[in-house]
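The values are calculated or read from the model by the stated rules, or taken from the named source; none is laboratory data. Predicted model, so just to flag it, every value in this text is computed and none were measured. All Cβ positions, even for glycine, are placed from backbone atoms using ideal geometry, and neighbour counts span all protein chains on display. Protein only, heavy atoms only, side chains kept; ligands, DNA and RNA dropped before computing areas. Shrake-Rupley method; radii C 1.70, N 1.55, O 1.52, S 1.80 Å.
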Amino acid sequence: MNLSLPLRELSGVGDKLDESFHRVGLRTVKDLVHYLPRTYDDYTQQSRIVDLKPGKVTIVAKVESVETRSVRRGMRITTAVLADDSSKLKAVWFNQPYRATQLKTGERYMFTGTFEFSYNRYQITNPGVEQAKKLEQTEGERIVPVYRSIRGVKPPLLRKLVASLRPTITMLGETLPLTIVESQKLMSNAQSHLALHFPESQEQIAQARERVGFEELFELLLASQLNKQANNRLQGWKLPFDVAAAKEFVAGLPFALTNAQRRAAWQIIQDFESEIPMNRLLQGDVGSGKTAVAGFAARQAAQAGYQSAIMAPTEILASQHAETLSALLAPFDVSVGLLTGSVKGKARQELLSQISDGTVDIIVGTHALIQKKVEYHKLGFVVIDEQHRFGVAQRQALLDKSIRMPHLLAMTATPIPRSLALTVYGELDVSVLDELPSGRKPIATKLWAPTNTEKLYEAVDDEIAKGRQCYIICSLIDEDPENDVKSVEAEYKKLKSTVFNHRKVGLLHGKLAPVDKDAVMQQFADGDIDILVSTTVVEVGVNVPNSTVMIIENADRFGLSQLHQLRGRVGRSTHQSYCYLVMSDSSKPSARLREIEKSQDGFYLAEVDLKLRGPGEIYGRSQHGALNLQVASLGDTKLIARAQAAAKEFLSSGDDLLQYKQLATRVEKNQRLTTLN
Ligand code: ADP
Ligand code: MG
């Protein structure tokens, strides 16, 4: 069968089914062949109820009773009593009321789910159900693949369709270079797909996943190395180092640079002196002082006669950077311009012409910097702050604004675990600020039950009385009647008129007009607001060193990296700072959340997030989604190292990538996705 055959042509697929497939991007036989099971129900491992041990289990049992009840707004619980000849067991489903109609009392079914101790008794939670009679004839002793569900396509039908493709899957050609399949002792492409769709044992599944995961990582790492080679062939500008200007800049700072800052600055200077354009990632935990490093480099670029563009993800951050840099650089006759969406009319025209005639040396802005109308005189250096926030196309557009490739410094406060950096940014040189400016105290961090707010607000008031300021973060802007999550609007109104009616309370969120946002931020920076109630717009970069208290409402809804970012808004001076993470309810906080109480190390917390929640949390959902890793885990450092070595070997072997059609296409796509230039 032809892999490019539309699914509609398969027998048993009508218009309706075809439409359901289209909705999830499945169009051809090939798409379906590569639609891999998310997990498996292993019916070869049946247990008797008395023998169950906590963990994933499968039992065959009779349903003695079943009922559904509503507990809280929106939440429905279905419970059933199951029995086999050894014992009885309670099954519980959350928000699956159809289970009550599906299960007939007195009938036998096969249940696969998690056996656990919960609410003071053992139960099986959210088990999958198959009718036992049917199973015994067809798939009783099988490992049954579980695919990501597709609306309008029942799982048995999907399995049947995939089964009808078995001959095609058997004939799948090899997609990796044979030398690699052999040297890495991998299953063939056909074997691995057969094993994933029609597994015979857990070992077979593991081997097949290793093969597919390896291939995904190999494609990514090969792309990244090709990017590096391509970058090294580019023509850039040579910016000579000016020792006097460097000394002057450092002497003008209100602080001494940390050793880590010096090291990073030095690495940048060396890159500037080469004609190969710099391609560097500056990683530094929140508050480690990346702005000063960027400022140092921009000063050097200006000294050499080149413009710098500094792109920040929000207007707040852009104007803050512009302010910081003007203050640092004005004494040296280096001029700084701010270009954002809210610079309009005549002021904008004037600024644009200053950019194009070269009167402005450093242009700070949001993505306004990449608009068509912006023409640079001589762009030699590009800084992208909080780079994971930007899409690839935006970075490309900025780099397109120079005749030669400008030097690029991408800065991120989101610590990227090594495994992730290697796969996704393997082409980059990395500088790490692994040291905070001296005198910073760890931020005292506490998880807080939602009931005990009085004491919390007292602690806030004490700090304000000492002249400090406070952030209160809520995840929503407006009140949502559907759930209990706190919103900034409601919190702001409440606090302003009750507990904190004697304090100045401000409100900040992304829907405010840019001028209003700036005004609020300015007031907060000037100390005219004591308590800033805000959404996560303050998450990245905002720097108001006098603030010492950070309260995060519904903290359990955030990832650790994000909490760490938010927490990093305080602890920016020598004052002791505090972070209170208020839970959504009084249940016991997870082990994951406890980690943030214990650790101030962004790299460590990102590793925990990576293990528990996957790379989307750290790296930015959209980009990671595009990486399309179905099987590989970016936490699998061993497989990454193997794929990395194999990619290097392949490149040096002189083997021609173009003879591997699928590999070449995917590598090319990855190259576009992961490159910074
Ligand atoms: P981030 O790395 O999170 O972008 P910033 O560049 O905003 O951090 O710097 C955080 C704060 O630390 C700023 O107030 C900055 O002036 C200050 N700072 C930067 N470097 C030093 C240093 N070497 N010593 C003391 N304070 C510093
Ligand atoms: Mg910053």
- Message: List the aspartates and glutamates whose Cα sits under 18 Å from the Cα of Lys496, skipping any in the same chain fewer than 8 residues away.
- Response: Glu454, Glu458, Asp461, Asp462, Glu463, Asp478, Glu479, Asp528, Asp530, Glu553
- Query: From the residues Ala591, Leu581, Pro450, which one has its Cα farthest along the dipole of the stretch 444-599 in the positive direction, the dipole being from +1 and -1 charges on Cβ of Lys/Arg and Asp/Glu about the Cα centre?
  - Reply: Ala591
- Query: Dividing the convex hull volume of the Cα atoms of the chain by its residue count, what figure in Å³ per residue is obtained?
  - Reply: 186 Å³
- Any idea of the accessible area per residue across the stretch 444-599, 1.4 Å probe, to the nearest Å²? 41 Å²
- Message: Give the aspartates and glutamates reachable from Lys160 as a straight Cα distance under 19 Å; neighbours fewer than 8 places away on the same chain don't count.
- Response: Glu9, Asp15, Asp18, Glu19, Asp31, Asp41, Asp42, Glu130, Glu136, Glu139, Glu141, Glu200
- Query: aspartates and glutamates near Lys378 by alpha-carbon distance under 20 Å, same-chain residues fewer than 8 away left out - which ones?
  - Reply: Asp242, Asp271, Glu273, Glu275, Asp333, Glu350, Asp357, Asp361, Asp400
- Average accessible surface area per residue within the stretch 40-146, 1.4 Å rolling probe, Å²: 56 Å²
- Given pairs Lys455/Lys504; Lys373/Lys661; Lys185/Lys661; Lys56/Lys588; Lys466/Lys517 and cut-off 31 Å on Cα-Cα distance, the over-length ones are Lys373/Lys661
- Message: Once you place label points 7 Å from the Cα toward the Cβ at Tyr98 and Met75, how far apart are they in nm?
- Response: 2.3 nm
- Separation between the Ser652 and Arg121 pseudo-spin-labels, each 7 Å from Cα along Cα→Cβ, expressed in nm? 6.4 nm
- Arranged from highest to lowest average of other beta-carbon atoms within 10 Å per residue, in what order do the peptides 158-165, 568-575, 264-271 appear? 568-575, 264-271, 158-165
- Message: Counting heavy atoms of the protein chains only and a 1.4 Å probe, report the per residue accessible area for the stretch 180-326 as a whole number of Å².
- Response: 36 Å²
- Task: Roll a 1.4 Å probe over the protein heavy atoms and report the accessible area of His509 in Å², nearest 10.
- Result: 10 Å²
- Counting only protein heavy atoms and using a 1.4 Å probe, what share of the accessible area of the chain belongs to carbon plus sulfur, as a whole percent? 50 percent
- Item | Separation of alpha-carbon centers, the stretch 16-47 and the stretch 175-233, rounded to whole Å | 20 Å
- In whole Å, what are the Cα extents of the stretch 209-270 along the three principal axes, biggest one first? 56, 29, 12
- Message: Of Thr112, Val57, Tyr98, which is farthest towards the positive pole of the stretch 40-146's charge dipole, taken about the Cα centre with +1 and -1 on the beta-carbons of Lys, Arg and Asp, Glu respectively?
- Response: Tyr98
- To the nearest 20 debye, what is the magnitude of the charge dipole of the stretch 40-146 about its Cα centre, counting +1 on the Cβ of each Lys and Arg and -1 on the Cβ of each Asp and Glu? 560 debye
- Note on the structure: Answer in debye to the nearest 20: the dipole magnitude of the chain about its Cα centre, from +1 Lys/Arg and -1 Asp/Glu charges placed on Cβ, is 1120 debye
- In whole Å, largest first, the alpha carbons of the stretch 1-61 cover along the principal axes 49, 21, 20
- Separation between the Ala163 and Arg8 pseudo-spin-labels, each 7 Å from Cα along Cα→Cβ, expressed in nm? 2.7 nm
- When all protein chains stay in place, what accessible area (Å², nearest 10, 1.4 Å probe) is found for Thr125? 20 Å²
- Take the alpha-carbon centre of the stretch 334-351, take the same for the stretch 93-120, and report the distance between them in whole Å. 63 Å
- Size descriptor, Kirkwood hydrodynamic radius, that averages inverse alpha-carbon separations across the stretch 444-599, Å: 15.6 Å
- Message: For a bin width of 10 Å, list the pair-distance distribution of the stretch 40-146 built from all Cα-Cα distances, rounded to whole %.
- Response: 15, 49, 31, 5, 0
